[in-house]
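As structure tokens, the structure follows; a few thoughts come after it.
The values are calculated or read from the model by the stated rules, or taken from the named source; none is laboratory data. Given the structure is predicted, the values throughout are model-derived calculations rather than measurements. With ideal geometry, Cβ positions are generated from the backbone for all residues, glycine too; neighbour counts draw on all protein chains shown.
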Amino acid sequence: GAVVSQHPSRVICKSGTSVKIECRSLDFQATTMFWYRQFPKQSLMLMATSNEGSKATYEQGVEKDKFLINHASLTLSTLTVTSAHPEDSSFYICSARDNAEAFFGQGTRLTVV
Amino acid sequence: AQKVTQAQTEISVVEKEDVTLDCVYETRDTTYYLFWYKQPPSGELVFLIRRNSFDEQNEISGRYSWNFQKSTSSFNFTITASQVVDSAVYFCALNPAAGNKLTFGGGTRVLVKP
């Protein structure tokens, strides 16, 4: 199947700093990518839909100024967590569609200290 | 609005036992896709199956089998002769054919003891 690569897999940052997470579709082009957040022992919650060449669409309750999404090319979307706080610590995972199938990145475990 | 319910939060079995994971969904769409994913402790999501709403045939893949019952809006997953490596969280998900968003169930944690 198609491959989606997410980087980094783990990151620890200090409170108040920003962290960028990259999501790449390696062998297909993705005009749309999705960013999910997963708290420990919980399900995946869609944060936003990343659209190539246009603004991302955020789900209700997700702060767009805090979670900046850029989808500058057909194979790369980035999520930047700005001014991170400990409550932003979570597992972030991206997804891209290839035909009717959704492929997921490996996920990024963010810890804010 | 769409909803996926996995009533079992955690199931514990002994190796070689069969285990069935329930998934019930709600949608107003007539065409949709159903998925099962496995999430091992490492965190990545592993695709297991996709089922089109018009295809109610049950499917078997090795020790995995799926039972799709449109009449009861259920898409259950059975692991036969479970193994320790099957220990993971399993998610059922729904996606309307006309849209892109996946709605996930709450997940079922399966623990297979040796």
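Annotations for the structure displayed:
- Where strands (runs of 3 or more DSSP E) sit wholly within chain B, those with at least 3 residues that are more than 25 Å from residue A:91 (Cβ to Cβ) occupy B:59-61, B:64-69, B:74-79.
- Candidate set: the stretch B:38-49, residues that are free of Cβ contacts under 8 Å to residues at least 60 places away in the same chain and more than 7 Å from chain A (Cβ to nearest Cβ); chosen: the one nearest to residue A:4 (Cα to Cα): B:46
- Qualifying residues in the stretch B:100-112 (those that are more than 10 Å from chain A (Cβ to nearest Cβ) and not polar (S, T, N, Q)) - the one farthest from residue A:48 (Cα to Cα): B:112
- Checking each residue in the stretch A:58-111 for being of a type in the set (Ser, Thr, Tyr) and under 22 Å from residue B:39 (Cα atoms) picks out A:89, A:90, A:92, A:95, A:108, A:111.
- Meets criteria (within 18 Å of residue B:101 (Cβ to Cβ) and over 11 Å from the mean Cα position of the chain (by Cα)) for residue A:29: no
- Only one of A:8, A:86, A:40 that is surrounded by fewer than 17 Cβ atoms within 10 Å (Cβ to Cβ), modelled with pLDDT under 95 and either touching a strand residue (DSSP E or B) at 6+ places or on another chain (Cβ under 6 Å) or not hydrophobic (A, V, I, L, M, F, W, C) (or both): A:40
- Among residues of the stretch A:1-44, those that are closer than 20 Å to residue B:92 by Cβ and assigned to a strand (DSSP E or B), counted: 5
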